[in-house]
Amino acid sequence: MKLTLHRRYAFAASHRLHSPQLSDDENWRAYGKCNNPFGHGHNYIVEIAVSGPVDPETGMIANLADLDTYVQREVLDAFDHTYLNEQVPAFREMVPTTENVAREIFRRLENFPSARLERIKIQETSLNSFEYDRQKSGDSSS
Ligand code: NI
């Protein structure tokens with residue numbers, strides 16, 4: 001029997017939404033004030049879902065300490081208190097919308113060895129959140 005474990009993490013980061021493929025006017029129309037050249041920040045909350053069988057000896061899907069260590073190393077150390085556009089290499093090529101932040105966090109966590117990463121949900125503000133789901137992503141590597 002498979003169960004799913006959800007765990008939440010938080011980080012703060014700044015970003016600017018600006019696509020090099022669009023003109024300045026088009027960027028302004030697409031992103032509005034999020035295109036401000038000096039950026040702006042968010043307190044992001046990331047919820048991670050991993051699934052697996054319950055280990056008969058421990059009664060757990062995965063050790064939370066192992067998950068915390070992995071998320072800390074792969075995501076929080078790299079993202080917390082950064083300017084995403086310049087300090088996280090993936091966002092030198094990809095606009096750091098929260099959709100793309102979700103994809104990048106999924107990519108960084110998908111090889112977690114102790115359980116299967118099913119989805120991540122990231123909350124950008126109290127009004128917006130985005131979900132990246134292995135099943136729905138069309139990602140053939142699943
Ligand atoms: Ni923003």
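Data table
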read-out	value
Amide N proximity, region 64-104 versus residue 21 label position 7 Å along Cα-to-Cβ, cut-off under 19 Å	85, 90-104
DSSP-assigned coil residues among chymotrypsin sites (Phe, Trp or Tyr not before Pro) in region 1-80, each with at most 14 further Cβ atoms within 10 Å	38
Relative contact order for region 3-133, counting Cα pairs under 8 Å that sit 6 or more residues apart, in percent	31
Inter-label distance for residue 30 and residue 68, nm, one decimal - labels placed 7 Å from Cα along Cα-to-Cβ	4.0
Backbone HN-Hα couplings from phi across region 117-129 [Karplus 6.51/-1.76/1.60, Hz, Gly and Pro as x]	6, 9, 7, 10, 10, 10, 9, 8, 9, 5, 9, 10, 8
Net charge of Cβ neighbours under 9 Å - reference residue 40; Lys, Arg +1; Asp, Glu -1	+2
Full-stretch length increase - residue 38, residue 86 - with 0.36 nm per residue and alpha-carbon distance subtracted	16.0 nm
Sequence-distant residues sharing a close amide H with residue 137 (under 5 Å, placed H)	none
Highest-fluctuation residue, 23, 129, 51 considered, GNM on the chain with Cα pairs under 10 Å	23
Acute angle (nearest 10 degrees) that the helix 98-109 long axis makes with the longest principal axis of the chain, alpha-carbon atoms	40
In nm, spacing of pseudo-spin labels at residue 130 and residue 12 (7 Å Cα→C-beta vector)	2.2
Dimensionless Rg ratio for the chain, taking C-alpha atoms and the 2.2 N^0.38 Å reference	1.15
Region 1-94: GluC sites (Glu not before Pro) in DSSP loop, at most 11 other beta carbons within 10 Å	57
Segment residue 77-residue 93, extension gain: residue separation times 0.36 nm, minus the distance between their alpha carbons	3.7 nm
Mean separation of Cα contacts under 8 Å, 6 or more apart, over the residue count of region 1-56: relative contact order %	58
For region 67-142: relative contact order, % (alpha-carbon pairs under 8 angstrom, 6 or more apart)	22
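Taken together, the values in this text are just the output of simple stated rules run on the coordinates, not laboratory data. Given the structure is predicted, the values throughout are model-derived calculations rather than measurements. Neighbour counts run over all protein chains shown; Cβ positions are idealised from the backbone, glycine included.
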